[in-house]
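Just so you know, all these numbers are worked out from the coordinates, no wet-lab data involved. Being a predicted model, the structure only gives us computed values, none of them experimental. Methodologically, a virtual Cβ is constructed for each residue, glycine included, from the backbone with ideal geometry; neighbour enumeration extends over all protein chains shown.
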Amino acid sequence: MIMPLGDDNTDRTIKPLVNYALIALNIAVFVFLQGLGANEQFTMAWATVPAEISSGQDIVTEDQVAQDPNTGQTFDVPGLQPTPISVYLTLLMSMFMHGGFGHIAGNMFYLWIFGDNLEDRMGHGKYLAFYLACGLLASLAHVFSTYALGGNPLIPSLGASGAISGVLGGYLILFPKKRVRVIILNMLQEVPAIVAIGGWFLLQLIGGFGSIGNQGGGVAYAAHIGGFIAGLALVKLFDSGIGRREPDVFVGRVR
């Protein structure tokens, strides 16, 4: 497993205000609207539900009791709640919601490390548009894969992972040689971004293939893969860094 800890920011020229704002907004939604994950009614009203997106209709279901097939333990599954406005807006709102402390901490850490470099390259407005576009396409990829792979379209999804996957894809295209400080096999090393991000994407592919036929929940790998591909495809359209060139070697501090 490759765990990134920081990257080279010596060539950054602007303060990444949009990236800071995105992190703050994600945290604010999780704390104040989701109640640190305890407000299930809000979460189940605003998460993306494939069946709602495909039909355009709001769906409400009853709470259920489910059983873990591996352990035999039972647990409560909250039902889908009414969405107060168009269900299509859940494609946007769900990008700022998370399932727990570990979920939001991991996502925001990746965004903190990699997002500022893209914002520096694209500028504030284009970076925001790129982030939202990748997130929306990632959510649609999840909806499509749910039906294509025979998954349960009533299972909701949420999280910034799809948008952040797009950030990683864009970073890989623009900064393939930028040095990233990572932990590999419990050892601290500096590797090119193509190694750090390529290793992450390989894990998503493995996880995605492993989840085929087990669409009952967990990680939405299709959103990760879809967001990453969207980032690869769209980044040049949003790139403002004409004539700017990344350094070939690591020359300074990492964050």
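Against the chain, whose longest principal axis comes from its Cα atoms, helix 124-148 is set at around 40 degrees. When the chain is treated as a Gaussian network with alpha carbon springs shorter than 10 Å, the biggest mean-square fluctuation among I27, I197, I183 belongs to I183. The 3J(HN,Hα) values that the Karplus relation (6.51, -1.76, 1.60; θ = phi - 60°) gives for segment 28-44 are, in residue order, 5, 4, 5, 7, 8, 9, 8, x, 6, x, 7, 7, 5, 4, 5, 4, 6 Hz. Gly and Pro appear as x.
Rounded to the nearest 20, the size of the Cβ-charge dipole of segment 2-238 about its Cα centre is 920 debye, with Lys and Arg at +1 and Asp and Glu at -1. The amide H of V180, built 1.01 Å from its N in the peptide plane, has V191, A193 as neighbours under 5 Å, considering only residues 5 or more places off or on other chains. Coupling constants for segment 165-177 follow from the phi torsions by the Karplus curve (6.51 cos²θ - 1.76 cosθ + 1.60, θ = phi - 60°), and in residue order they are 4, x, 4, 5, x, x, 4, 4, 6, 7, 10, x, 9 Hz; glycine and proline get x.
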